[in-house]
Amino acid sequence: MASTKDYLEFILGQLSELSEISSRKMMGEFMIYYKGRYFGGIFDNRFLVKNTSSARGLIPNAPLEKPYEGAKEMLLVEDIDDRAFIRELVESMYSELPEPKKKQ
């Protein structure tokens, strides 16, 4: 099942306090980036983030879910109504995220 644009817009609204948030549509789902680094996305209308140590520290009981068949498990963010929490989560993950690959 593909994610809806409405759900993406809601999550982007929750992330609006962060500068340099961008998204990209891929195969009916949405990848989300912070300062150019991929940290999570919208998959089947679920907000999933990479399973980093800082993210696990902030949401230790978050279920691990696969965004799609064959993918690595990611953390399901269930508290999507708390903007301050989501901002803290993404900011805390930033230093653990790999830099984007340089285009040749």
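Across the chain, C-alpha contacts under 8 Å between residues 6 or more apart give a mean separation that, scaled by the residue count, equals a relative contact order of 26 percent. Helix content alone sets the calculated 222 nm mean residue ellipticity of the chain: runs of n ≥ 4 DSSP H residues at -39500 (n - 2.57) each, divided across all residues, give -7500 deg cm²/dmol. Approximating the spin labels as points 7 Å out from Cα along Cα→Cβ, the residue 96-to-residue 9 distance works out to 3.3 nm. Positive-end ranking of 64, 98, 48 along the dipole of the chain, with charges on Cβ about the Cα centre, is headed by 98.
Taking 0.36 nm per residue of separation and subtracting the current Cα-Cα distance, fully stretching the chain between residue 35 and residue 64 would add 8.0 nm. Candidates (1) 120; (2) 609; (3) 105; which is the computed volume of the Cα convex hull per residue in Å³? The listed entry that was calculated here is (3).
Here the relative contact order of the stretch 62-104, from alpha carbon pairs under 8 Å that lie six or more residues apart, stands at 24 percent. For the stretch 1-89, the list of trypsin sites (Lys or Arg not before Pro) that fall in a loop by DSSP and count at most 12 other C-beta atoms within 10 angstrom reads 72.
Ligands, DNA and RNA are left out, and with a 1.4 angstrom probe the accessible area of the stretch 15-63 is 48 Å² per residue. Placing R0 at 22 angstrom, the Cβ-Cβ distance between residue 17 and residue 45 gives a FRET efficiency of 0.50 after rounding to 0.05. Placing +1 on the Cβ of every Lys and Arg and -1 on the Cβ of every Asp and Glu, with no other charges, gives the chain a dipole of roughly 620 debye about its Cα centre.
Please go through the stretch 1-77 and write out the GluC sites (Glu not before Pro) that DSSP classes as loop and that have at most 10 other C-beta atoms within 10 Å.
20, 69
The values are calculated or read from the model by the stated rules, or taken from the named source; none is laboratory data. For clarity, every value in this text was computed on a predicted model and none was experimentally measured. Cβ coordinates were reconstructed from backbone atoms using ideal geometry, including for glycine residues, and neighbour counts include every protein chain displayed. In case anyone asks, the SASA skips ligands and DNA or RNA and just uses the protein heavy atoms, side chains included. Shrake-Rupley method; radii C 1.70, N 1.55, O 1.52, S 1.80 Å.
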